[in-house]
1. Return the residue satisfying two criteria in turn: it lies in region 111-161 and is modelled with pLDDT of 50 or more and of a type in the set (Gly, Ala, Ser), and of such residues it is farthest from the chain's Cα centre (by Cα).
2. Mind listing just one residue for me: the one in region 77-110 that is hydroxyl-bearing (Ser, Thr, Tyr) and surrounded by fewer than 15 Cβ atoms within 10 Å (Cβ to Cβ) and, of those, modelled with the highest pLDDT?
3. Please specify each residue of region 27-46 satisfying the condition of being among the β-branched types (Val, Ile, Thr) and in contact (Cβ under 8 Å) with a residue 12 or more places away in the chain.
Amino acid sequence: MDSLASKLGYLRGLAEGLGIDDGTKEGKVIRQMILLLDDIGHSIGELNENYEELFSYVETIDEDLSDLEEELLEDEDSEDFGDYDYDDDGDGDIFDEHGVSFTVECPECHYEVTIDEDILEDEESFEVLCPNCGKVVFINDDSDDDDDSEWDGDFDEFVDETTEEEKSD
């Protein structure tokens, strides 16, 4: 900003040194251009001040948020979670002894979709869509008469034995 103010001061002094005044048409235009540049310089200065103030405010919020996250993580670590096994083997699955959830890999984009086991208890049929690409990654169809899909007991694998002919129906 200092550079802009000094350049504008130099331009103003140059115009005065050359004897440019409001007496000629060209002088009036140059004088108005210098006034306009001066206004632009002041506006840019105000914008810079506002930016610095906003930047400082955002940094303060970020620090407060980091402190809050650390505090929440400390609280979470100190709680007793019973028999939960939170991904100790690193495979992305989250289970407790009763089965909290499981993951299914999208066949289209290979995104890992986490599905709560509680939804399997629902009476209604439903499809789970990949949040990344929108493709169907899991179908819960409890009807016994037209169920051609077989679940092999492994939450990571859902075997679909539906023939191409049946899929087109």
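1. The qualifying residue farthest from the chain's Cα centre (by Cα) is SER143.
2. Filtering region 77-110 down to residues hydroxyl-bearing (Ser, Thr, Tyr) leaves 78, 84, 86, 101, 103.
Remaining after also requiring surrounded by fewer than 15 Cβ atoms within 10 Å (Cβ to Cβ): 78, 84, 86.
On the way: SER78: 58, TYR84: 44, TYR86: 48.
It comes out as SER78.
3. Keep residues of region 27-46 that are among the β-branched types (Val, Ile, Thr), which gives 29-30, 34, 40, 44.
Of everything in region 27-46, those that are among the β-branched types (Val, Ile, Thr) and in contact (Cβ under 8 Å) with a residue 12 or more places away in the chain turn out to be ILE30, ILE34, ILE44.
The values are calculated or read from the model by the stated rules, or taken from the named source; none is laboratory data. These figures come from a predicted structure and were not determined experimentally. Heads up, the Cβs are rebuilt from the backbone with ideal geometry, glycines too, and the neighbour counts pull from every protein chain shown.
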